[in-house]
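Written out below as structure tokens is the structure these notes cover.
All of the numbers you see were taken from the coordinates with simple rules; none came from a lab. What you are looking at is a predicted structure, and each value in this text was computed from that prediction instead of being measured. We place every Cβ from the backbone using ideal geometry, glycine too, and count neighbours over all the protein chains shown.
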Amino acid sequence: MGGGAEAGEGGEVGFRSGKPSFVRRTAGGRLSPHDSLMEEKTSRGGGSAAKGTARPKDVDEYLAGVPEPARRTLKRMRAVIRTVVPEGTSEVISYGIPTFKYTRGLVAFAAFTNHCSFFPLGSSVLDSFKEELKEFRVSKGTLLFPLDKPLPDVLLKKLVRARVAQNKGRK
């Protein structure tokens, strides 16, 4: 994730496999595929469960715009994540979604119209937990789950701790 322009600056709708996707131009002018929840909501009228047209300034504002039951689910996830991240971890909005950063992007989460997602920001973490994740839908480094059923606390803590270990190893 890192620095650079937020999604939405120079963003445009692209199509891959006949499905709409959101891409943005990088500083070098190349297209970079990053799902932008808020951009999808404001430019297409669907997608993210976060309401409103303005980008949220912080995680609390993002969550305030998410309808129930997804808001309750994401708030619980946020509370669990906060119990295991190291001191010095920050919470930001990156690419339109709540993101925890520890030296770099750690994990993120978001609500969509029909599901919630957890992004470990390192797909190898999901590969390491394949057996424990087999009851969930996993897609390209993203863990999808029902709006009203948060990930089990124990599993979420394991995934976050694994990402923290990865980030510590990259210092």
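The phi-based Karplus calculation (6.51 cos²θ - 1.76 cosθ + 1.60; θ = phi - 60°) puts the 3J(HN,Hα) values of the range 141-152 at x, 10, 10, 9, 8, x, 4, 9, 10, x, 4, x Hz, whole numbers, x for Gly and Pro.
How would the range 59-169 be classified by its alpha-carbon gyration tensor: rounded, prolate or oblate, with rounded meaning a/c under 1.5 and the a/b versus b/c comparison settling the rest?
Since a/c reaches 1.5 but b/c is at least a/b, the shape of the range 59-169 is classed as oblate.
The residues VAL164, VAL107, when put in order of fewest to most other Cβ atoms within 10 Å, stand as VAL164, VAL107. Peptides 56-63, 93-100 ranked from most to least packed by the mean count of surrounding Cβ atoms within 10 Å: 93-100, 56-63. Close lysine pairs were tallied over the range 59-169: pairs 8 or more places apart or on different chains with Cα atoms under 22 Å apart number 22.
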